[in-house]
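Values quoted throughout were computed directly from the atomic coordinates according to the rules given, and no laboratory measurement underlies them. Given the structure is predicted, the values throughout are model-derived calculations rather than measurements. Cβ coordinates were reconstructed from backbone atoms using ideal geometry, including for glycine residues, and neighbour counts include every protein chain displayed.
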Amino acid sequence: MNNEYQHENSLNVVNSLIDMVSIGRDEHKEKTSSNEEIALLTEQQQTHSLHHPEQGSREEKEFLENQQVDAQNMVQCKIHEDIIMKMVETIINKRMDTIRMMVESCVNKKLKDYRKLANANVNANANANVNGFNPAISSSTSGSNIASSSYQSSSTNTRSITLSHFGTEDFRYMYMPYLSDLIKSMGDIKAVFQVVLKDLYFNPDHKENNIIFIPPNAFKTMTVFVDGIWKNYDLDVSLQNIIRRVNDVLQYYLLGNLEEDRFKTEIGKKKFDQLHSFTNQIDNMEEYPEFLTKIMQITEHTIMTHQHLVHRNLTEGNG
């Protein structure tokens, strides 16, 4: 489901309900005015009939027939304004979290585009002063390539587990050689995507990132750890945000990173180009409906298949 379409549909529902209130008011006024006119005409008709019995009988019959036709064509609005406003309030309350996630997704996409441009400029300047790969420079700039990767869980220094908030996952353990070895060992980029998704969110050795799951008995809902608590979100919107987050991992060496050439050499030009094409499709997946549907199905299936590895209570139906 397209993020913009979902947002537009939510607004259309609210606008439609508000229009119903306005229509109800107008029709109530029209109905009141029509009833007054009918009463006045009826009184005039009766007065006229007293003085002209034959003509009055014929005109009264025509008047009654016209009145019946008008009554059949009159639209009756039985929905009261207070009921409509309660419905609007309920819809808005249910949609606010989803709308927030959609807005954050759009903002993150714009930030990613900016980072691509900024990192490309940094890379160009660095290449003018550095010959070949320089580990010292790379390690000092690696955290800037993806802003959300700068979050460091407290579990790095202690054995206690502090869950990452969605979008701030620490995936440094997925850098090279993990990513390059994975891509070299698999022929299908979609399969690489699934493994990265599993190792990012359902890795028993990185419990700080075990922050998503699909409740087994919920309808079109995903539970995500955000702002220090578990929240339920619309499934389709959540899947699209997770797809983009996995794409952050896949694109880590494609966004002007100083190690891009090394990464390209490691996996080979052919797979590098395949990865580049695949990640670009994800960046613009709203423009490819068939691709979006397929990648969302793959993502949902991967989550449902592997979430029990770290959320064992789900197998007992207590999710």
Once the Cβ-Cβ distance between Lys270 and Thr90 is put in as r, and R0 is 41 Å, what FRET efficiency do you end up with, to the nearest 0.05?
0.20
As a quick test, which of the pairs Lys198/Lys264; Lys184/Lys269; Lys190/Lys271; Lys190/Lys270; Lys184/Lys264; Lys207/Lys294 have an alpha carbon distance above 18 angstrom in this structure?
Lys198/Lys264; Lys207/Lys294
For Lys207 and Asn232, what does the FRET efficiency come to when R0 = 25 Å and r is the distance between their Cβ atoms, rounded to the nearest 0.05?
0.75
Quick calc: nm separation of the 7 Å Cα→Cβ label points for His301 and Ser185 -> 2.1
